[in-house]
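Reviewing the structure listed below.
Rule-based calculations on the coordinates, nothing more; no lab input. What you are looking at is a predicted structure, and each value in this text was computed from that prediction instead of being measured. Every residue, glycine among them, receives a Cβ derived from its backbone with ideal geometry; neighbour counts consider all protein chains shown.
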Amino acid sequence: MKAIASSTKKKSKRRPTGKQPFDAQAFLDSAGVSRKVVVYRKLQKIYSQGDPATSVMYIQEVGKEAVVAILGPADFFGEGCLAGQEIRMGTATAIAPTSILVIEKNEMMRVLHAEHSLSDRFMSYILSRNIRIEEDLIDQLFNSSEKRLARTLLLLSRYGRKSEPQRVRPEVSQEMLAEMIGTTRSRVNFFMNKFRKLGFIRYNGGLHVNSSLLSVVLHE
């Protein structure tokens, strides 16, 4: 699992009201939740498979320079400890400088029971993650490596946020893309060249993904 975030923005200390969309970061800042912020270097392990599962992590919201791989700004991860998981079942690695809020297991359990706004937000996130995991599994089982690559590039570029081509940040290597979709680097290179020739992606100060790449995912 790859987790990415960068450059923290200054947050308001005002606690959100019921009239506004729930802001998990503002809540965590203002509700007296015991936690610490840990900054990770590029390629530094956040945790490894087999490590004790003692905390939940929250990727802090970032500005336009934010990048995503599997997880992005305002995402939680490491929540398996809340369900009795005693050791980490996977490995999380930052592929860019990363600032993460670390909340100890007992503290997270306390605040989820005490604060309904956070528990509702957290439950919604977990359900959305489960749907995403199911989609990822179906993608791996039934789609070609070309479709898997196209879908991954769209997810990396936060497809659907804006209509114009979106830049993938940071520069994700072809080796990493191959690992993510379960194929070889040579196959990724072949399809990336194909996508570029068809105008689905372009290289101009970085990799930009056009929404037209969706046609590859939808093509039967």
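The HN-Hα couplings worked out from phi for the stretch 101-116 by the Karplus form 6.51 cos²θ - 1.76 cosθ + 1.60 (θ = phi - 60°) are 8, 10, 10, 4, 3, 4, 5, 5, 4, 4, 6, 5, 6, 8, 10, 5 Hz, whole numbers, x standing for Gly and Pro.
Ordering 183-196, 47-60 by mean Cβ neighbour count within 10 Å, with the highest value first, yields 47-60, 183-196. Between amide H atoms placed 1.01 Å from N, distances below 5 Å from ARG88 occur with GLY50, ASP51, ALA53, all of them 5 or more places distant or on a separate chain. Here the calculated FRET efficiency for ILE87 and HIS116, from their Cβ-Cβ distance with R0 = 30 Å, stands at 0.50, rounded to the nearest 0.05.
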